[in-house]
Structure formats: structure tokens, C-alpha cells
Amino acid sequence: MPGRTEKPIKASEITAPELYYSRRSFMQLAVGAALAPLLSQSAWAGDKLSGKPNPAYAVPDKPTPREDISHYNNFYEFGTDKEAPAKLAGSLKTRPWTVAVEGEVHRPKIFDIDELLRLAPLEERIYRFRCVETWSMVIPWVGFPLAELIKQVEPTGNAKFVEFITLHDPAQMPGQRSSVLEWPYREGLRLDEAMHPLALLAVGLYGEVLPNQNGAPLRVVVPWKYGFKSAKSIVKIRFLEQPPLTAWMKAGPNEYGFYANVNPQVDHPRWSQARERRIGDFFRRQTLPFNGYAEQVAGLYAGMDLNRFF
Ligand code: MTE
């Protein structure tokens with residue numbers, strides 16, 4: 001750690017972030033979780049937005065460089081090329097921003113984004129992220145459990161599913177002028193999946209506010225499912241009795257199911273899901289069931305035929 005001065009310099013400011021993170025995870029392993037809080041700062045300062053590292057939710061894999069995480073994106077509201085979101089998402093205005101939480105809840109509410117940022121302590125969690133297109137990354141997110149928000153609005157006994165809806169504004173999102181998907185982007189989870197402690201509402205990555213192209217100011221992250229379940233730039237969360245019809249299920253019902261759990265044994269109709277290319281690696285690696293989170297989440301699907309409920 002740098003010496004304490006009036007304005008401490010974070011190691012992340014003097015080292016390439018990915019180096020900082022790999023060194024830091026080494027240090028955390030070495031010194032143990034007890035000292036980890038010393039390495040954290042939970043505060044806003046310009047674009048800085050860090051959370052307290054949560055070692056219980058940090059995979060040991062090397063984090064993907066920030067440059068790749070923020071320049072190789074799927075965000076069809078800004079075009080279908082991987083590079084387009086980084087070029088075009090600057091037009092997205094993330095303040096003011098509200099998120100309406102409604103439907104089968106006792107306490108529906110419109111949250112201001114800055115209120116959401118204070119809803120629960122921000123944590124840093126290093127998650128694996130696997131896209132259905134077979135590339136993968138390791139991302140140090142900043143956020144808080146989705147369950148914290150759900151508890152605030154008190155779902156009714158009828159609430160069985162949660163739908164996430166992205167902003168619909170073609171003036172800011174030029175990709176919405178094309179009909180590649182039905183807008184707004186919609187995704188959904190079963191309520192028990194949404195309540196699972198791994199399900200995250202992310203507001204930052206690498207200790208900074210989310211880049212617009214990664215779904216600012218607020219997105220879902222569900223690390224045991226294919227990346228398309230993780231809806232970006234959310235403006236509405238609805239609690240429903242029936243499963244919502246998601247954007248990808250409408251676009252390709254035979255290719256994209258509601259569950260979309262990472263499953264190396266169930267191929268996409270047009271390609272195998274057995275292996276993946278970790279961005280930055282030369283060789284492909286085997287994909288793990290539930291993206292390596294089977295121990296935590298397999299119980300959610302006990303007794304279900306995962307070939308049918310893909
Ligand atoms: N959310 C919206 N609103 N629009 C999108 O096109 N793409 C999804 C998901 N969330 C998408 C979205 C897909 S296919 C993936 S793989 C991830 O976002 C990509 O997230 P990343 O660019 O932050 O890696």
C-alpha cells in the first residue's frame with residue numbers, strides 16, 4: 001500500500017488496473033481476508049466508485065483487462081459490432097435516471113439512481129462472465145445484491161418472475177432505429193433466481209462507474225447464465241406471475257431459452273457450447289456447468305430437465 005498522505009493514491013492509479021488486480025488478489029490470498037478491508041475504499045470521487053472487496057465472491061481467475069471489458073461489447077442499442085458500443089454509447093445520458101419497480105409488489109417505487117447507489121453497501125465481486133457466443137471474461141464488478149432491492153419492495157405472494165426492461169430512446173440509442181431486436185430490451189429471471197446471493201445489480205467495474213457501453217448506470221449480472229440474461233441500462237423492474245417474453249426469446253425461440261444457464265452439454269442449435277475463448281487467451285478452455293457456479297446454484301434447478309428448460 002502506498003504511504004498515507006492527505007490524499008492517498010490508490011495502487012490502481014499508478015498501475016495498470018489488471019496488474020493491480022492480479023497483484024491484489026495475490027496479496028489477498030497471502031494476507032487473508034482479515035486485511036482485505038484495508039485495501040478498500042467505498043466512496044465516490046469523480047468516476048471512482050469502489051466497493052469493499054468480497055472475497056467470498058471472487059474467482060481466482062485473472063481479471064480481463066479493463067480495455068477489453070469496455071471495448072468488446074454486446075449492446076445492440078448501439079449497434080451489433082463489438083466495437084460499436086464503445087464508440088457510440090457516449091450519447092447515453094445516465095443522469096437524471098430513475099428505475100421504476102412495479103407489478104406484484106406491496107411497495108412499488110420509482111427509485112432515483114443515486115438513491116439506489118446508497119441502498120446497500122457497494123461490494124466488489126470478481127465474477128466469470130460467459131457469452132452465448134462462446135467468449136468469456138472475468139470482471140471485477142462493483143454493485144450490490146439484487147435481493148437487497150427486492151426486499152425493499154416486498155413482492156406479493158403472486159410474484160413468481162422478475163422482468164428487467166432497458167431504456168427505450170432511439171434518440172440516445174441509435175441501434176434502436178433498426179429492428180434487429182424488439183425494443184425495449186427485456187430480460188427476466190424466476191424470483192428465486194433473482195433472490196440468489198450471486199445475482200448482482202452492477203453500477204461499476206474496476207473501481208469506477210460503469211462505462212456506458214457496459215450498461216450504465218445500472219445493469220443486472222447473473223454469472224451462472226449466458227450474458228444475454230444480464231440486461232443493461234435498466235429503467236424498469238416488474239414483478240410478474242407469469243414468465244416474461246424476453247427480447248431474445250422473441251428473436252429466436254429455438255435458440256434462446258428463458259433459463260439460459262451456462263451448460264456445456266446443451267449446444268446452441270448453430271454451435272457447440274462445450275468450450276469458450278477467454279478474451280486474451282490463445283487456447284480455448286472447457287466451459288463449466290453453470291459457468292463454474294454449480295455448487296451455489298444447481299439446487300435451484302433440482303428435478304428439472306435442463307435439455308428442455310434451456
Ligand atoms: N442489454 C441490452 N439492453 N442490450 C443488449 O444488446 N446484450 C447482452 C447483455 N445485455 C445486451 C444487454 C449480451 S448478448 C451480452 S453477452 C452482455 O450484455 C454483454 O455485456 P458486456 O458488453 O458488458 O460484456
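A simple spin-label model places the labels of L245 and D305 2.4 nm from each other, with each point 7 Å out along Cα-to-Cβ.
Within 14 Å, Cβ to Cβ, of A302, how many net charges do the neighbouring residues add up to if Lys/Arg are +1 and Asp/Glu are -1?
Working: positive: R190; negative: D192, E193, E295, D305.
The answer is -3.
In the chain, the portion of solvent-accessible area held by carbon and sulfur atoms comes to 54 percent [1.4 Å probe, whole percent, DNA, RNA and ligands not counted].
A Förster radius of 25 Å, combined with the Cβ-Cβ distance separating R107 from D192, puts the computed FRET efficiency at roughly 0.80.
E295 to S91: extension gain in nm, 0.36 nm per residue of separation minus the Cα-Cα distance? Intermediate results must be reported in sequence, preceding the final value.
On the way: separation 204, 0.36 × 204 = 73.44 nm, distance 4.07 nm.
Between E295 and S91, full extension yields an extra 69.4 nm.
Count the net charge of all other residues whose Cβ sits under 11 Å from the Cβ of E102, scoring Lys and Arg as +1 and Asp and Glu as -1.
Numbers: positive: R107, K109, K236, R238; negative: E104, E163.
Its environment carries a net charge of +2.
In straight-distance terms, cross-link reach from K48 covers every one of the aspartates and glutamates whose alpha-carbon lies under 20 Å from its own, apart from those fewer than eight places away in the same chain; here that gives E6, E13, E18, E67, D68, D112, D114, E115, E123, E124, E208.
Quick check for you: with a 1.4 Å probe and neighbouring chains kept, what is the accessible area per residue of the chain, in Å²? Present the calculation step by step, with values, prior to reporting the outcome.
Working: 14360 Å² over 310 residues.
Result: 46 Å² of accessible area for each residue.
GNM on the chain, alpha-carbon springs under 10 angstrom: the most fluctuating residue among N158, N73, N212 is N158.
Apply 1/(1 + (r/R0)^6) to the Cβ-Cβ distance of E255 and D281, taking R0 = 22 Å, and write down the FRET efficiency to the nearest 0.05. Before the final figure, lay out the partial values.
Details: r = 26 Å, r/R0 = 1.17.
Once rounded, the FRET efficiency stands at 0.30.
Size of region 11-301: Rg and Dmax of its alpha carbons, in Å, are 18.1, 52.
Suppose every K and R has +1 on its Cβ and every D and E has -1 on its Cβ; what is the size of the dipole of the chain about the Cα centre, in Debye to the nearest 20?
The dipole of the chain has a size of about 400 debye.
Quote the FRET efficiency, to the nearest 0.05, computed for A56 versus T80 with a Förster distance R0 of 45 Å and r equal to the Cβ-Cβ distance.
On the way: r = 37 Å, r/R0 = 0.81.
My answer for the efficiency is 0.80.
The values are calculated or read from the model by the stated rules, or taken from the named source; none is laboratory data. This is a predicted model, so every value here is computed, not measured. Note that we place each Cβ from the backbone using ideal geometry, even for glycine, and neighbour counts take in every protein chain shown. When the accessible area is computed, the model is the full protein with side chains, heavy atoms only, and any ligands, DNA or RNA have been set aside. Shrake-Rupley method; radii C 1.70, N 1.55, O 1.52, S 1.80 Å.
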